[in-house]
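What follows is a set of notes on a single structure, which appears directly below.
The values are calculated or read from the model by the stated rules, or taken from the named source; none is laboratory data. Given the structure is predicted, the values throughout are model-derived calculations rather than measurements. So basically every Cβ, Gly included, is an ideal-geometry build from the backbone, and we count neighbours across all protein chains shown. Calculation scope for accessible area: heavy atoms of the full protein, side chains included, ligands and nucleic acids excluded. Shrake-Rupley method; radii C 1.70, N 1.55, O 1.52, S 1.80 Å.
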Amino acid sequence: MLREGNIGAAKLALEKNGFALPRYSDSSMVAYVLQGGGVAGIILPESEEKVIAIKKGDAIALPFGVITWWYNKEDTELVVLYMGDASKGHKPGQFTDFFLTGFNGIFTGFTTDFVKRAWDVDDDIVKALIGNQKGKGIVKLDANVKMPEPKPDHRKGMALNCEEAPLDTDIKNAGNVVLLNTQNLPLVGQVGLGADLVRLEGNAMCSPGFSCDSALQVTYIVKGSGRLQVVGVDGKRVLETIVKAGNLLIVPRFFVVSKIADPGGLSWFSIITTPNPMFTHLAGSIGAWKAISPEVLQAAFKVTAETEKLFRSKRTNDAIFFPPPN
């Protein structure tokens, strides 16, 4: 499904003093910090390096051409999730990274005379720059190595902490959602993706709904567990399963999905393949049913006027998320 949807997904895990060497990717993506904290360096094309502190809940938009490096100086493992558009990637459904240094760095492929001309250095310096770093992708630095300190003003417009951001929707005893869009994280416009963090309370339900602008939705379960059902063409239930932290799932275009949290709650982070996604909900106070004429519903369901009236009278106050039944 990742390949068919031209979507990529990956995880980076760094232990203490772990350093992810500078790289760029063939895909635009959104990074989400699942665990721990650290420092990230982000270099947009023709721009200065932004050095930012990152922590659990941070979302970072990474457009095409951006160079990044990541470093963890804390005892807790730093884990970063990447999800994005792989439609222009070298391998369908995968991200391909191009490393600037290391055993598989770009300049290891050039002849010495090309590197000398490009960097204006002599043979000994070329040999050191190209050959000293034997690591590949990720290396462990000595504890006494000094790395750049993050600058608070660099975070503006580069990262948004979804666990601390204002809630776009908050339903008491049911759940809440934070949307990433071009308003609160402008770079998602360049990435071409939208994203959200949804937190569902214990035993609460997320209304059945679908993306109404032909977007694909890719979801990673961040915390907790719960039941999930997806219904597709001809009313066929194409997926019924228990999801838990660490699961990744894809909802195809226009398929309807719903979730019910287990007692411990359920949280997920999703990307949607459009920067300002739109959804149609099929239950709740903003559900599409409420907009359809009573006579049409009565005929469509082939029920009495009394049954239609009872159906319409339900879920008049709950939108998107529904608290556990009494």
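Counting protein heavy atoms only, the chain has 53 percent of its accessible area on carbon and sulfur, 1.4 angstrom probe. Based on Cα contacts under 8 Å between residues 6+ apart, the stretch 193-315 shows a relative contact order of 35 percent. Annotation: average projected area of the stretch 1-121 is 8.5 square nanometres, based on the convex hull of Cα atoms across all directions.
The order of ASP26, ASP153 by accessible area, most exposed first and with a 1.4 Å probe, is ASP153, ASP26. Considering helices alone, the calculated mean residue ellipticity of the chain at 222 nm is -3000 deg cm²/dmol, with DSSP H runs of length four and up weighted by -39500 (n - 2.57) and normalised per residue.
The Cα-based radius of gyration and maximum Cα-Cα distance (Dmax) for the chain are 23.4, 88 Å.
Measuring between their Cα centroids, the stretch 61-92 and the stretch 137-210 lie 14 Å from each other. The largest accessible area among ARG199, ARG315, ARG253 belongs to the first residue in ARG253, ARG315, ARG199, and the rest follow in falling order (1.4 Å probe, all chains).
Which one, PHE114, VAL251, MET29, projects farthest toward the positive side of the charge dipole computed for the chain from Cβ point charges (K/R +1, D/E -1)? The listed residue farthest towards the positive side: VAL251. Taken per residue, the accessible surface of the stretch 147-266 reaches 48 Å², heavy atoms only and a 1.4 Å probe.
Kirkwood radius for the stretch 260-321, taken over all pairs of different Cα atoms as the inverse mean of 1/r, rounds to 14.1 Å. Taking all protein chains as shown and a probe of 1.4 angstrom, GLU308 keeps an accessible surface of around 10 Å². Tell me, how many Å apart are the Cα centres for the stretch 227-246 and for the stretch 282-308? Using only Cα atoms to place each centre, the spacing works out to 25 Å.
Let me make sure I get this right: for the stretch 1-67, a, b and c are the square roots of the gyration tensor eigenvalues over alpha carbons, sorted descending. Under 1.5 in a/c it's rounded, otherwise prolate if a/b > b/c, else oblate. Which is it? Note, shape of the stretch 1-67 comes out oblate. Ranked from largest to smallest solvent-accessible area, with a 1.4 Å probe on the protein heavy atoms, LYS116, LYS172 come out as LYS172, LYS116. The shape of the stretch 183-326 can be summarised by an equivalent ellipsoid whose semi-axes, obtained from the alpha carbon gyration tensor, come to 28, 19, 15 Å from longest to shortest. Taking every protein chain into account, the accessible area of the stretch 47-116 amounts to 47 square angstrom per residue (probe 1.4 Å).
Each peptide in 316-322, 300-306 was scored by the mean count of other Cβ atoms within 10 Å over its residues; highest first, the order is 316-322, 300-306.
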